[in-house]
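There's a structure below that I have some questions on.
The values are calculated or read from the model by the stated rules, or taken from the named source; none is laboratory data. This is a predicted model, so every value here is computed, not measured. Positions of Cβ are backbone-derived with ideal geometry, glycine not excepted, and every protein chain shown enters the neighbour counts. Areas reflect the complete protein model, heavy atoms only, side chains present, ligands, DNA and RNA absent. Shrake-Rupley method; radii C 1.70, N 1.55, O 1.52, S 1.80 Å.
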Amino acid sequence: MGISKTIYDEEQLTQSWVMRVAWFGASLAGLMIIATLLISGIPPLFRLAVALPLTFTLLSVWNFRRLRIRATTEGITFGFGIFRRHVRWRDVVHVSARPYIFLRFLGWGIRLDLRGTVGFIARTSMGVQLETRRLKYFISTDHPEAICDLAQKYIGAGRKQT
């Protein structure tokens, strides 16, 4: 194995209206947390019961604000914040450009469709479907052809070496 070199890098912001709704909800959550701290007579257990799920909401919105895709000569890494997946090129058996279909994934973020495909979706756009022997992934991207071309190049190179 040689040194891995970055050959593609994309950062895709989550769909703007989705983020506006999420930030609005997160802002309301933040105001509720502040209100429970400022209002006297609220039991500490209730404050904790309000603060924990609302803090989780704020952190989730922050984490899912952008999808990062980075391909190297060894494989491709994609994900939102702390939730990332790395797939080696030699494990990919098929790659294709596909449109995002809302009824397939029913939303944005990390989604599972009824066919067992794990979607990493930031926008309503085109995407790339990567298939390994075990799992299928759908990744929204602004440049599906570029990722498909890279994948085909390195999938072929990896198979020639084995």
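Considering only residues that are more than 30 Å from residue 123 (Cβ to Cβ) and surrounded by 13 or more Cβ atoms within 10 Å (Cβ to Cβ), which ones fall in segment 34-64?
Result: 36, 42, 47, 50, 51.
Among the numbered criteria (1) out of contact with any strand residue (DSSP E or B) (no Cβ under 9 Å at 6 or more places or on another chain); (2) closer than 27 Å to residue 16 by Cα, which one does residue 156 miss?
(2)
Considering only residues of segment 102-120 that are open to solvent by less than 10 Å² (accessible area, probe 1.4 Å) and at pLDDT 95 or above, which is farthest from residue 85 (Cα to Cα)?
So, considering only residues that are open to solvent by less than 10 Å² (accessible area, probe 1.4 Å) and at pLDDT 95 or above, the one farthest from residue 85 (Cα to Cα) is 117.
Quick one: what pairs do we get from segment 114-130, first residue more than 18 Å from residue 18 (Cα to Cα) and in contact (Cβ under 8 Å) with a residue 40 or more places away in the chain, second β-branched (Val, Ile, Thr) and in a strand (DSSP E or B), C-beta under 8 Å, 6+ apart or different chains?
130/76; 130/87; 130/92; 130/95; 130/139
Report yes if some residue within segment 65-82 is surrounded by 12 or more Cβ atoms within 10 Å (Cβ to Cβ) and farther than 30 Å from residue 152 by Cβ; otherwise report no.
Scanning segment 65-82 turns up at least one residue that is surrounded by 12 or more Cβ atoms within 10 Å (Cβ to Cβ) and farther than 30 Å from residue 152 by Cβ.
Kindly evaluate residue 84 against the criterion of being within 26 Å of residue 18 (Cα to Cα) and touching a residue at least 24 places away in the same chain (Cβ under 8 Å).
no
When you scan segment 146-162, do you find a residue that is surrounded by 19 or more Cβ atoms within 10 Å (Cβ to Cβ), under 20 Å from residue 11 (Cα atoms) and of a type in the set (Phe, Trp, Tyr), even just one?
no
Consider only pairs whose beta carbons are under 7 Å apart and that are at least six residues apart or on different chains; among these, list those whose first residue lies in segment 1-23 and is over 16 Å from residue 67 (Cα atoms) and whose second residue is among the basic types (Lys, Arg) and modelled with pLDDT of 90 or more.
Cβ pairs passing all conditions: 6/70.
Moving to a separate point now. Would you mention how many residues in segment 83-107 are of a type in the set (Val, Ile, Thr) and assigned to a loop (DSSP other than H, G, I, E, B)?
So the answer is 1.
Here is a follow-up. Could you check how many residues of segment 122-138 are within 16 Å of residue 84 (Cα to Cα) and touching a His at 6+ places or on another chain (Cβ under 7 Å)?
Of the residues in that region, 0 qualify.
Something else now. Out of all the residues in segment 131-162, which are at pLDDT 90 or above, over 14 Å from residue 100 (Cα atoms) and hydrophobic (A, V, I, L, M, F, W, C)?
Listed by number, the residues that qualify are 135, 146, 147, 148, 150, 151.
Name every residue in segment 108-135 that is more than 12 Å from the chain's Cα centre (by Cα), assigned to a loop (DSSP other than H, G, I, E, B) and not β-branched (Val, Ile, Thr), in order of residue number.
Listed by number, the residues that qualify are 113, 114, 115, 116, 125, 133, 134, 135.
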